[in-house]
Amino acid sequence: MIGQSSASANSGEKKQAPRIGVYICRCGGNISDVVDIERVVQAASQIADVAVARQAPAMCSQAGQDLVTEDLRNQTVDRVVIAACTPSLHEHTFREAIARAGRNRYLYEHVNIREQASWCSKSDPQGATEKAIRLVAAGVAKARFAEPLSPIAVNARRHVTVVGGGISGLRAACDLARAGLPVAILEKSPFLGGRLVQWDRVYPTEQAASDLLRELLNEVAEQPGITVYTRAEIVEARGCVGDFQLTVKRQPRGVDDTLSPEELGAAIDACLVRVPSEHDFGLSQRKAIYRPCRDSYPNAAAIDWEHCTRCGDCLKAAGGKGICLDDSPELISILTGAIVLATGYDLYQPKPGEFGFIDYPQVITLAQLERLLDPDGPTGGSLARGGRPIQNVCLIHCVGSRQIEGLHEPGLDGKIHEYCSRVCCTATLRAAAEVRRGLPATNVFELYQDIRTYGRNHEQYYEDAMRAGVIFLCYAADQPPLVLKNPASGGAPLSVVVKDRLTFGEELEIPADLVVLATGMVPRNLDPIIDRLKLSRSAEGFLQEVHPKLRPVELAVSGVFVAGTSQAPMDLAESCSSGSAAAVKAAALLSRGHIELDPFRARVDRDRCRGEGKCVEACEHQKAITFVETASHGETSRCAQVNSALCNGCGICVAACPHQAIDIAGWQLAQFDAIVDALVADYS
Amino acid sequence: MLPGSREKVPRILILATEACAYPGADHVGQIHAEYPTNAYIVRVPAPVIFPESFYLRCFEKGIAGILVMSCGHECPYPGAYDALAARIGRVHQRMIERKLDTSRLRLCAICTVCSKAFLKEVQQMHEKLLQVDAEPQHAP
C-alpha cells in the first residue's frame, strides 16, 4: 500500500478509513492508445484507501457511470476518483451520477489523463503512463480529504444577452423571448441580419434570403421582451453564470429616423466619401452615410465614423436635421444571467496572386459571384465584366479550405486552414447551375477535389448542376489548377490549366472569362470577447464547445453558449438549429430563477481564528469577510465570518492567515500538500 | 520511482488557474502538442491561495520546479494577481536565503489559448532543471 492513510489525513480525528473507488477511462482509445491502462489500474489498486480500481472503454457512457453508481450503492466505495478527459467536459456528468447513487456529489475528484497526459505525450507512452499513475495518486490523495458539501443557491437573472444579430442570434433571441425571457441583442454593425442580407436565394429551399430575414425580423419586432442594441460591443464582462455584469460600448448611429426617404437620399448623394461596400464584397462603393441595402433593419441609415470627415455636407443636404455628427459613444450596463455568442464568421480572403486573385480583375470569390447574380446587386444580376460577355466560367473549390501543412502557404491571417468549410460545395453547385440557367450559352466548369454535398437535399444541387450541363474536373490537392493570363489576343482574358483526375491526369487548358474562387468560412477575430469571458478556441480558431456531441452549444464558461458559425462552418439551417439549441439551454438554465453554484467558498475555523483580521484586510471582494463578536466563558472575542453569497472563493484570505484558520471548502491547503506528496512519492 | 521509470527526471509542478491556464493546458492537449511528461498540472481556483510556506515545502519534498500559471492581470478575482506577484517575490527572497535557485519558481500568465506560451514555459523550465541540481533541498 502506498500513500497516506486517512487517519493522518483527518487531523487525528478517529474516522472510518475512506473507501475510494478509482475509475479509469480508456476513452475509446484516446487515452488507452498511449497510456497503459492496465498498469495504471494495477498501480491505483495499490494506493492506500483505494477499495477498487476499475477501467471502462468510456466512463461517461451509461455502462461506465453504472460501474460507479453500483459501487456507491452497495457501499464498496464512499468516494470516487475518475481519471478521464478534462473536468470541464464531464465533471458535471459524474457529479450527477454520484448524486443519483444517493451520495454527496462532492465526494469526488476528477483526474485529467486525456488532455494532460495521453494527448500531450503521444511519443512517450511510458512517460505518459507514469504521469497518469502519479496524477491518479494525486487525485486519490485529494479525495481522502473530500467531505460532503452543499451547493450554494444564488438568484439568477432571468435575462439573456445575445451577441450577434445574424440568423443564429436572431433565432436564439426569438426563441428565448417566446420562453418568457427578456433578451438584449448586441450587434456590432449598425444593421441586423448578418450575412443573410448579402445573399439572394438560399439553399436548400431556394427561398429569397430577404423574405427569410423579414420573417425573422418581424418575429423580433413582435416580441416586446427583445431589446436591440446596434453598434454595440461588450467592453467589460464581470460576474458569473446567473449574474453577469456587462459594460457595452455603443457607437452613435448619427442618423435618426425622422428623415424622409428623399431627405436621406439627398444626404447620401451629398457625401463625397467613397469606400468599398462590405455588402457587395468590394464590388461597389458606398458613402460614409449609408444603408447597405433597401431592406436593411433598422431602416435608418448610419454614419461610418471611421471614414466620415464630418464635413457637414450631408446635414446641409438633409435640411439641417436628422443627422448628428457630434454624438459620442455611450457606455451602457447590462445585467444578464446568460450569454449566447452568435458572432458569425469571416470569409477566407485569398492572398494576392493566389489563383490569380487581385492580379486579374476577372478572378472573384464565390461571395462576389453571389452579389453579381443578385438582381438587386451591383450589376443588376449581370455577370458581364468590362462589357465583355461571359463565355466560360471556372469555379475552383476548396480555396482556403482543406489546406495541407507544407503544401500550402499560410494565408493572410498566418494560418493554414486544414478543415473543410462544408457549405461551399453546395453553394458553388447552386451558383453554377444558376449561371447555366441564366446564361445557357455560357460554359461552366467546376474544378473540385471532392464534392461534399453533405446536408439534407444538398445532393440534389449536384444532380441539378450535372443536368444543367456543368462540366466537372477533379484536381488533386498537390496539383491545384493554375490561373494564367491567356496569351491569345482577342479571346478569353484568362487560361485555367488543370490536371483532371477523371481522365487520369490529362492536362486541360480552359479559356476563362471569369474565375470564381469558392472560399470557405474562417473564424472571426474574437480575441477581445474571448479574453473578457475567458473562453476557449478550437484548433481552427472557432469557439470551442464543451463536447461536440453531448454539450454542443455550451462553452467551458458556465452560462455562456455558442450559436451558429462562430462555432464552425455551418449552413443557414444548421445555424438556426444551433441558435434554437443555445436558446433552449439558456432558458433551461435560468428558468428556475436560481442557480446552484459550487460550494467552494472560504470558511473559518473558529477554534483557530484569533481575530487578527489579516483575512478581512486581504479580502478585496465586496467585503465577503467581516468580524463577529463571540462570547465564551464570559469573555467576548472577535472572529472572522464569511458571507458565502459574497465570497468568490479566490483564496486570497487563506494565505493571509498566519494561523491557518481559514480555508476554501473543497480546495483545502492540506489537499494541495497531499497532492504534492503523491506526485513525489515512490511507486515502485 | 515507478518500475522501469527514468530516474532523476526533475518534476515540474504547474499550478494552473481554473479560469485561464488549466483550460490553456487542455488546449495544448487538444491540439496534440507535446511537452515533457514530468510536468504535472494541478488545477487551482487562484494560486494566491498558497502561502509562502507551500512553495518551500514543495521544494523540500522534491519538486524541482514550480510554474505558477496565472491569469495575469486578466485574473477574475480582484487584487489576487497583484497579491500573488508580491508573494512570489517574497518566496524568491526566502529561496535566496536558502540558497535555492530562484529560477525554479516562475510566475507567468497563460490564457485559455496560450498554447505556444505554455509550451515555451514548460520546455524552458524543463531544460533549466536538467541543468541544476534537482535533488530535494532542505532549509538550513
Neighbouring Cβ atoms within 10 Å as the yardstick, rank A:W119, A:W305 fewest first. A:W305, A:W119
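For segment A:579-684, just say rounded, prolate or oblate: build the C-alpha gyration tensor, square-root its eigenvalues into a ≥ b ≥ c, call rounded for a/c under 1.5, and beyond that prolate if a/b exceeds b/c, oblate if not. Intermediate values should be presented prior to the final figure.
Details: a/c = 2.86, a/b = 1.29, b/c = 2.21.
It comes out oblate by the Cα gyration axes.
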Entries in B:K99/B:K128; A:K549/B:K116; A:K142/A:K614; A:K122/A:K415; A:K188/A:K249 that, when Cα-Cα distance is taken, lie over 19 Å: A:K549/B:K116; A:K142/A:K614; A:K122/A:K415
Tell me, in nm to one decimal, what length is gained between A:K249 and A:E409 on full extension, where the rule is 0.36 nm per residue of separation less the Cα-Cα distance? 53.8 nm
Taking θ as phi - 60°, what are the ³J(HN,Hα) couplings along segment A:357-372 by the Karplus curve (6.51, -1.76, 1.60), each to the nearest whole Hz, with x for Gly and Pro? 4, 6, 4, 10, x, 7, 9, 10, 9, 4, 4, 5, 4, 4, 5, 5
Spin-label model distance (nm) - A:L331 vs A:S637, 7 Å beyond Cα toward Cβ: 4.5 nm
Using 0.36 nm per residue of separation minus the Cα-Cα distance, give me the extension gain between A:R238 and A:L646 in nm, one decimal. 145.5 nm
Packing-based order for A:164-170, A:435-441, using average beta carbon neighbours within 10 Å, highest first: A:164-170, A:435-441
Size of electric dipole in segment A:170-255: Cβ of Lys, Arg +1 and of Asp, Glu -1, about Cα centre, debye, nearest 20: 360 debye
Sorted from fewest to most neighbouring beta carbons within 10 Å, what does the list A:H159, B:H27 look like? A:H159, B:H27
So what's Rg/Rh here for segment A:6-151, counting alpha carbon atoms and using the Kirkwood radius for Rh? 0.96
Amide H contacts under 5 Å for A:A184, placed H, 5+ residues apart: A:V160, A:T161, A:V162, A:T227
What's the magnitude of the charge dipole for chain A around its Cα centre, counting Lys and Arg as +1 and Asp and Glu as -1 at the beta-carbon? Answer in Debye, nearest 20. 1200 debye
Calc'd 3J(HN,Hα), segment A:604-615, phi into Karplus 6.51 cos²θ - 1.76 cosθ + 1.60 (θ = phi - 60°), Hz, glycine/Pro = x, comes to 9, 8, 5, 5, 9, 5, 10, x, 6, x, 4, 5
Using Cα-Cα distances under 8 Å and only pairs 6 or more residues apart, what relative contact order does segment B:12-131 have, in percent? 39 percent
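Going through segment A:298-384, which GluC sites (Glu not before Pro) have at most 11 other Cβ atoms within 10 Å and a DSSP loop state?
Passing both the DSSP loop test and the Cβ count: A:E306.
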At R0 = 22 Å the Cβ-Cβ FRET efficiency linking A:S382 and A:L502, nearest 0.05, sits at 0.10
DSSP beta bridges in the protein assembly as shown, what fraction antiparallel, as a percent rounded to 5? 45 percent
Over 25 Å between Cα atoms, which of A:K287/A:K351; A:K585/A:K623; A:K287/A:K321 qualify? A:K287/A:K351; A:K585/A:K623
Mark the label point 7 Å from the Cα of A:N104 along Cα→Cβ and return the residues of segment A:617-644 whose backbone N is within less than 18 Å of it. A:644
Evaluate the distance, in nm, between pseudo-label points positioned 7 Å from the Cα of A:S61 and of A:K623 along their respective Cα→Cβ axes. 5.6 nm
Under a point-charge model restricted to the Cβ atoms of Lys and Arg (+1) and Asp and Glu (-1), what is the dipole moment magnitude of segment B:12-131 relative to its Cα centre, in debye to the nearest 20? 360 debye
Sorted by Cβ density within 10 Å, fewest first, the residues A:S580, A:S121, A:S45: A:S45, A:S580, A:S121
Amide H neighbours of A:D78 under 5 Å, counting only residues 5+ apart in sequence or on other chains, H built in-plane at 1.01 Å? A:R19, A:I20, A:G21
Among A:P261, A:C308, A:H279, whose Cα sits farthest toward the positive end of the charge dipole of segment A:261-317 (+1 at Cβ of Lys/Arg, -1 at Cβ of Asp/Glu, about the Cα centre)? A:C308
Once the dipole of the protein assembly as shown is set up from charges on Cβ (+1 Lys and Arg, -1 Asp and Glu), the residue from the list A:A583, A:V340, A:A678 lying farthest towards its positive end is A:A678
Cα gyration tensor, segment A:346-522 - rounded (a/c under 1.5), prolate or oblate: rounded
Residues whose placed amide H lies under 5 Å from that of A:L597, excluding near-sequence neighbours: A:I152, A:A153, A:V154
For segment A:287-301, Karplus-derived ³J(HN,Hα) couplings (6.51, -1.76, 1.60; θ = phi - 60°; whole Hz; x for glycine and proline) come out as 8, 6, 9, 7, 10, x, 7, 4, 9, 5, 10, x, 6, 5, 6
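Here, each number is a calculation from the coordinates, and none is a lab measurement. Being a predicted model, the structure only gives us computed values, none of them experimental. Every residue, glycine as well, gets a Cβ built from its backbone with ideal geometry; the counts of neighbours run over all protein chains shown.
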